[in-house]
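What follows is a set of notes on a single structure, which appears directly below.
The values are calculated or read from the model by the stated rules, or taken from the named source; none is laboratory data. As the structure is a prediction and not an experimental result, all values here were calculated from the model. No Cβ is skipped: glycine too gets one built from the backbone with ideal geometry, and neighbour counts run over all protein chains shown. Side chains included, ligands, DNA and RNA excluded: accessible areas come from the protein's heavy atoms. Shrake-Rupley method; radii C 1.70, N 1.55, O 1.52, S 1.80 Å.
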Amino acid sequence: MQERLKELQEEALQAVDAAADLKELNDIRVSYLGKKGPITEVLKGMGKLSAEERPKMGALANEVRDLISAKIEEKQQALEAAAVEARLALETIDVTLPGRPVHTGNHHPLTRIVEEIEDLFIGMGYTVAEGPEVEKDYYNFEALNLPKSHPARDAQDSFYITEEILLRTQTSPVQARTMEKHDGKGPVKIICPGKVYRRDSDDATHSHQFMQIEGLVVAENIRMSDLKGTLELFAKKLFGEDREIRLRPSFFPFTEPSVEVDVSCFKCGGHGCNICKQTGWIEVLGSGMVHPNVLEMSGFDSKKYTGFAFGMGVERIAMLKYGIDDIRHFYTNDTRFLKQFKLN
């Protein structure tokens, strides 16, 4: 039995030395040290030994087991280290090679314009107000001094869902809803950005869907001069400090008096060019003093409160600022177009 244990020890050690990988090594471990291995089989014959020989044989068997286990552990560490070295050699990275460019996105030009205008007016004490795009006829028209029979509705007829529900044609309903929530108590100072919808044929300057930003101020002693000063600051911050504005009389049902606002051409400086159509001025938005009827319908006393409102198309502002000649570019998702507005 002693000789057999020594033979198994030599066989196992030679097999461990010859093992080429971890799987083969594990097979050797199971083969020699497992419950059904040859060492266990030898020990089953210990019952035939004398009482004096059994402890000696047991100690020898444990010594053989420990020696084989230690050899397997040593071989395992060597094989694992070799595997790591081989993998490192295979996956070596040349740190001197140029890196791969990381392609980053950027804000859409319309988003950039909206955020720029929001930052400007928030700095002037305005808050940003939003409302539903699917709107009631009352807030979209009637609360803005446009009763059902008013002819000005024809220019804004939009996408009706029912006779009383439609896709909003302007962000002005947000103004009406906000004033209504104030329950006749000022001040109100908001801007209202968002999408609007109109039954327009899509071409280079028109779209059935576009974006607006409108502003509203309602408080005591608000005057036309406050409106002019606000819009002058807006024009200078957005188009350049040298810009001037011009107010032209106009008509909007929800303001009285109403004005169209022009800004001096930022390309030619007011001398005349293709951008301003040789006039020196570019129309940018409409505005006016809030009509007393609009104030009254929203619960404000028009003898105590006055206000001004203005509205602009975001696409028009972006087209003017960035020299874009077709509104459809904003909605075609052409990355060649969008990459032009990537910040460095």
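For the range 193-344, what relative contact order do you get, as a whole percent, if you take Cα pairs closer than 8 Å and at least 6 residues apart?
Working: 259 pairs, mean separation 38.5, N = 152.
Relative contact order for the range 193-344 comes out at 25 percent.
Unpaired Cys in the chain, meaning no second Cys C-beta under 4.7 Å: 192. Can you give the FRET efficiency to the nearest 0.05 for residue 162 and residue 322, using r as the Cβ-Cβ distance and R₀ = 51 Å? Once the sixth-power term is evaluated, E becomes 0.85. Accessible area of residue 279 (1.4 Å probe, protein heavy atoms only, ligands and nucleic acids ignored): about 80 Å².
When the chain is treated as a Gaussian network with alpha carbon springs shorter than 10 Å, the biggest mean-square fluctuation among 212, 278, 175 belongs to 278. Please express the Cα-Cα pair-distance distribution P(r) of the range 139-236 as a list of whole percents, one per 5 Å bin, running from 0 to the bin with the greatest distance. It works out to 2, 11, 17, 20, 18, 16, 10, 4, 1, in whole percents. For the residue pairs 277/321; 189/236; 195/342; 228/321, the alpha carbons lie more than 18 Å apart in 189/236; 195/342; 228/321.
For the residues 62, 106, 293, a GNM of the chain with alpha-carbon springs under 10 Å puts the largest fluctuation on 62.
Taking a point 7 Å out from the Cα of residue 66 in the direction of its Cβ, the residues of the range 6-34 whose backbone N falls within less than 19 Å of it are 6-10, 12-13, 33-34. Normalised per residue, the accessible area of the range 194-268 is 49 Å², obtained with a 1.4 Å probe and no contribution from ligands, DNA or RNA. Name the residues of the range 276-307 whose amide N is less than 15 Å from a point 7 angstrom out from the Cα of residue 138 along the C-beta direction? Once the point is set 7 Å along Cα→Cβ of residue 138, 297-299 turn out to lie under 15 Å by backbone N, inside the range 276-307.
Figure the gain on full extension for residue 111 and residue 17 (residue separation times 0.36 nm, minus the Cα-Cα span) and round it to one decimal in nm.
26.9 nm
Considering only 317, 28, 191, the mean-square fluctuation computed in a Gaussian network model of the chain, springs between alpha carbons under 10 angstrom, is largest for 28.
Taking the C-alpha atoms only, the angle from helix 172-181 to the longest principal axis of the chain is near 90 degrees.
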